[in-house]
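Data first, discussion second: the structure below is written as structure tokens.
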Amino acid sequence: MLTICLDDIRDEGLLLTGEVDDDLRAELVARINDLNIEFTGPIDYTLRVVRAYDMVEVDATIAAQVELPCGRCLKRFVAPLSESFSLTFATELPEVEDESGEEGVELTAEEMGIDLVEGDELDLAEPLLENILIAMPLHPLCNGNCQGLCPNCGIDRNAGTCQCAQPQFDTRFAALKNLKLDPNGSKKDS
């Protein structure tokens with residue numbers, strides 16, 4: 001698993017590389033909850049872990065190949081998945097001074113962008129899973145020029161053209177396309 005003992009982090013830091021194991025991969029697939037998405041190979045990671053007193057800085061890179069359907073034409077294609085991210089952990093929150101020099105300013109770990117570590121081990125499995133999910137494409141396209149499917153007959157417009165008539169748009173508001181407003185919202189004479 002991806003658990004690091006804080007005492008194992010030396011002055012030069014740690015460099016960890018590997019593949020996400022089967023248990024973590026199964027957890028990831030369960031969270032995606034989409035049978036149309038499949039990882040076609042290993043999910044590789046590189047973690048650089050550096051410790052400075054009560055703080056631990058993790059710089060991470062993940063890489064994988066994922067097969068999924070195009071959002072326009074529904075053809076399955078393989079897309080690279082790559083994400084780099086940094087995380088900061090602390091065993092206790094650092095003292096923060098107000099800009100005016102006053103002490104006693106209360107900030108939460110979340111406001112500081114720091115995750116608190118409980119105990120003497122750092123588990124990186126959850127942050128790794130979260131960042132793989134963030135890297136997943138929201139609107140996957142097989143290519144930028146994908147024409148998609150015809151909404152009437154369903155033909156793949158990348159493979160051919162259909163004989164469907166182009167849809168007629170509602171023209172009740174066509175007169176508004178030439179309306180010009182000044183920044184105050186009043187009508188300008190054109």
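The values are calculated or read from the model by the stated rules, or taken from the named source; none is laboratory data. Quick caveat, the model's predicted, so the values are computed rather than measured. All Cβ positions, glycine included, derive from the backbone under ideal geometry; neighbour counts span all protein chains shown.
No other residue among 80, 140 is assigned to a loop (DSSP other than H, G, I, E, B), within 30 Å of residue 35 (Cβ to Cβ) and modelled with pLDDT of 85 or more apart from 140.
Each row is one residue, and each column tells you yes or no for (1) out of contact with any Phe, Trp or Tyr (no Cβ under 6 Å at 6 or more places or on another chain); (2) at pLDDT 80 or above.
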{"residue": "35", "(1), (2)": "yes, yes"}
{"residue": "60", "(1), (2)": "no, yes"}
{"residue": "63", "(1), (2)": "yes, yes"}
{"residue": "73", "(1), (2)": "yes, yes"}
{"residue": "76", "(1), (2)": "yes, yes"}
{"residue": "87", "(1), (2)": "yes, yes"}
{"residue": "102", "(1), (2)": "yes, no"}
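Screening the range 1-63 for strands (runs of 3 or more DSSP E) wholly inside it with 2 or more residues that are loosely packed, with under 13 Cβ neighbours inside 10 Å returns the ranges 3-5, 14-19.
Kindly provide the set of residues from the range 151-190 that are closer than 30 Å to residue 75 by Cβ, at pLDDT below 90 and surrounded by 10 or more Cβ atoms within 10 Å (Cβ to Cβ), ordered by number. 152, 154, 162, 164, listed by residue number. A search for C-beta distances below 7 Å between a residue of the range 28-41 that is in contact (Cβ under 8 Å) with a residue 12 or more places away in the chain and any residue that is of a type in the set (Gly, Ala, Ser) and assigned to a strand (DSSP E or B), counting only pairs 6+ apart in sequence or on different chains, returns 39/64; 41/64.
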